[in-house]
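Heads up: the structure comes next, in structure tokens.
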Amino acid sequence: MTEISRRGMLQAAGLLTVGAMTGCASSRSSSNEQALFSVTPTTIPIVGRTDRFPVRRIYCIGRNYAAHAREMGSDPTREPPFFFQKPSDAIQFVPPGQTVDHPYPTLTKNYHYEIELVAALHKGGKDIPVETALQHVFGYAVGLDMTRRDLQAAMKKEEKPWEIGKSFDKSAPIGPLHPAASIGNFTEGKIWLKVNGQVKQSSDLKNMIWSVAEQISNLSRAFELMPGDIIYSGTPENVGPVVRGDVMEGYIERLPSISLKVV
């Protein structure tokens, strides 16, 4: 076999290999492709509607009330906003008028509540101006950012990620979404949480360091926000522990309260 023939065979083999690889790559976008298995999407009921809100990502802002920032050892006058995420399947839906069972998670001996306003987005974007940010909000709900505080504290001390303290199963209880078109936007209003009937957290949404509009604007500089993203907008001071048997009730003015029993 001549050198030219050998070269031709190698080139042909190379083209066949590229073609096979291209075929593998293109098959991923084929209309006939089948998923290996199905994953149940996370959705939240919408008040007054039969359709549901699909959750893409959960963003949470940290230390967004001055008093809470201080109790967590931070200086609210100097700290820019920072965010972390929970997985979408951390959602636990809590219907108004019912007390649902909320499982005490594994690995922790110091399990904390954090009552928060949740904003749900139906429009996305990058570098969203504060002035138009609320146009991206579909609706609002009452939520809890449940936290394995001892695990979070250990990760902070070791300068490791917080996920194990924040991003576990059912760590994001939430009530139904109320469309902003019918309820309006939230810049002020009472927010409180009770444990076994006793008020533990109590403040006003106007005490947030960064408003919902400012949170959306800041987030959109770091991430391209998308429809289906929801934002837990921070908790007031006096976060604290619950144990099995405790009943938590969370309330935000103009929204129905949610109630959970730790089991």
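Out of all the residues in segment 224-239, which are under 12 Å from M146 (Cβ atoms) and either touching a helix residue (DSSP H, G or I) at 6+ places or on another chain (Cβ under 9 Å) or surrounded by fewer than 19 Cβ atoms within 10 Å (Cβ to Cβ) (or both)? Please lay out each step first, then the result.
So the first thing to find is which residues in segment 224-239 are under 12 Å from M146 (Cβ atoms), and the list is 232, 235, 239.
Across segment 224-239, the qualifying residues are T235, V239.
From the list A154, A141, the one residue that fits, being of a type in the set (A, V, I, L, M) and either in contact with a Leu (Cβ under 6 Å, 6 or more places away or on another chain) or touching a residue at least 40 places away in the same chain (Cβ under 8 Å) (or both), is A141.
Conditions (1) of a type in the set (F, W, Y); (2) under 16 Å from Q85 (Cβ atoms), marked per residue:
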residue: A172; (1), (2): no, yes
residue: V199; (1), (2): no, no
residue: Q215; (1), (2): no, yes
residue: Y232; (1), (2): yes, yes
residue: V239; (1), (2): no, no
residue: M248; (1), (2): no, no
residue: S257; (1), (2): no, no
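Filtering segment 76-123 to residues that are under 22 Å from A153 (Cβ atoms) and among the hydrophobic types (A, V, I, L, M, F, W, C) leaves F82, F83, F84, A90, L107, I115.
Counting residues that are touching a residue at least 60 places away in the same chain (Cβ under 8 Å), of a type in the set (G, A, S) and under 19 Å from S171 (Cβ atoms), which strands (runs of 3 or more DSSP E) fully inside segment 206-263 reach at least 1?
On the way: elements: 230-232, 240-242, 247-252, 258-262.
Here the list reads 240-242, 247-252, 258-262.
As an exercise: evaluate K157 against (1) within 21 Å of Q98 (Cα to Cα); (2) open to solvent by 30 Å² or more (accessible area, probe 1.4 Å); (3) of a type in the set (D, E, K, R) and give the number of the one condition it does not meet. Checking K157 against (1) within 21 Å of Q98 (Cα to Cα); (2) open to solvent by 30 Å² or more (accessible area, probe 1.4 Å); (3) of a type in the set (D, E, K, R), the one that fails is (1). Run down A133, A120 and say which single residue is assigned to a strand (DSSP E or B) and over 24 Å from V199 (Cβ atoms). Result of the check over A133, A120: A120. Among the residues of segment 177-205 satisfying the criterion of being part of a strand (DSSP E or B) and without any contact (Cβ under 8 Å) to a residue 60 or more places away in the chain, which is surrounded by the fewest Cβ atoms within 10 Å (Cβ to Cβ)? Top of the filtered list is Q198.
The values are calculated or read from the model by the stated rules, or taken from the named source; none is laboratory data. This is a predicted model, so every value here is computed, not measured. Methodologically, a virtual Cβ is constructed for each residue, glycine included, from the backbone with ideal geometry; neighbour enumeration extends over all protein chains shown. Heavy atoms of the whole protein, side chains included, go into the accessibility calculation; ligands, DNA and RNA do not. Shrake-Rupley method; radii C 1.70, N 1.55, O 1.52, S 1.80 Å.
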